[in-house]
Amino acid sequence: MGNRLSKIYTRTGDDGTTGLGDGTRTPKDSARVTAYGTVDELNSSLGMLLALEIPDPVRECLTQVQHDLFDLGGELCIPGMAMVFDADIERLEHTLDSFNEDLPPLKDFILPAGGLPASTCHLARTICRRAEREVITLGRHETVRGEATRYLNRLSDLLFVIARVLARAGGHGEVLWQHERRRRPAS
């Protein structure tokens, strides 16, 4: 492959633009850059989660997801590129079902807590939801394949389930929202 990044700074972005994967320049605050930048942020948050003690099946799953997110970032960075496919989404669904089958049904909302790994996973989930919204925004202005949005949608669901798994695995358990803690007087 050679040395692709032999010089890290180029000064070409000093004017507020950045280069897309197809060589075109675009403003750094464009919807496209915002979308793939948030996918990169999501990937970094998963890297933080992977730095913690987590069960091996979760580690294997999230490592694959990091590769997928790198592909998705590439797809968003190169207009017209396809790097995330229905098979990737189906894999997420299968994995989600597998992790979810041993969890008790949810009867209440849970708070984004449950120990450091679970909380870190919840943070990644919220970044994933933002990435999904930003890809939708991009799709209002430019062509975006539906697989990109569907992948992020399924991934946020998977991260929710993994956060539940991690809360239990860490011995902290899930923190239920106490919706009745603040009874409001009837008018």
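The values are calculated or read from the model by the stated rules, or taken from the named source; none is laboratory data. It should be emphasised that the depicted structure is a prediction, and the values quoted were computed from it without experimental measurement. Because the Cβ atoms are built from the backbone with ideal geometry, glycine has one as well, and the counts that use them run over all protein chains shown. Note: accessible area is taken over every heavy atom of the protein model, side chains too, but ligands, DNA and RNA are not part of it. Shrake-Rupley method; radii C 1.70, N 1.55, O 1.52, S 1.80 Å.
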Of (1) assigned to a helix (DSSP H, G or I); (2) open to solvent by 20 Å² or more (accessible area, probe 1.4 Å), Glu174 satisfies every one except (1)
Among residues of the stretch 104-127 being in a loop (DSSP other than H, G, I, E, B) and aliphatic (A, V, I, L, M), the residue least open to solvent (accessible area, probe 1.4 Å) is Ala113
Worksheet item: With respect to Thr34, is the statement that it is under 19 Å from Arg150 (Cβ atoms) and either of a type in the set (Gly, Ala, Ser) or surrounded by 13 or more Cβ atoms within 10 Å (Cβ to Cβ) (or both) true?
Response: no
Those residues of the stretch 136-168 which are over 12 Å from the mean Cα position of the chain (by Cα), buried (at least 17 other Cβ atoms within 10 Å of the Cβ) and not charged (D, E, K, R) amount to Leu138, Val144, Val161, Ile162, Ala163, Val165, Leu166, Ala167
Filtering the stretch 24-45 down to residues that are among the polar types (S, T, N, Q) and in a helix (DSSP H, G or I) yields Thr34, Thr38, Asn43, Ser44, Ser45
If you go through Gly21, Gly80, the only one that is in contact with a Cys (Cβ under 8 Å, 6 or more places away or on another chain) and either assigned to a loop (DSSP other than H, G, I, E, B) or open to solvent by 40 Å² or more (accessible area, probe 1.4 Å) (or both) is Gly21
So, first residue closer than 24 Å to Leu20 by Cα in the stretch 72-93, second residue buried (at least 17 other Cβ atoms within 10 Å of the Cβ) and among the β-branched types (Val, Ile, Thr), Cβ within less than 8 Å, six or more apart or across chains; the pairs are Leu72/Val39; Leu72/Val84; Gly73/Val39; Glu75/Val84; Leu76/Val39; Leu76/Val135; Leu76/Val144
Taking the stretch 128-145 and keeping residues in a helix (DSSP H, G or I) and over 30 Å from His179 (Cα atoms) leaves Glu134, Val135, Ile136, Thr137, Leu138, Gly139, Arg140, His141
- Task: Examine the stretch 86-103 for a residue that is surrounded by 14 or more Cβ atoms within 10 Å (Cβ to Cβ) and in a loop (DSSP other than H, G, I, E, B), and state whether such a residue exists.
- Result: no
Taking the stretch 46-77 and keeping residues part of a helix (DSSP H, G or I) and open to solvent by 60 Å² or more (accessible area, probe 1.4 Å) leaves Met48, Asp56, Pro57, Arg59, Glu60, Gln64, His67, Phe70
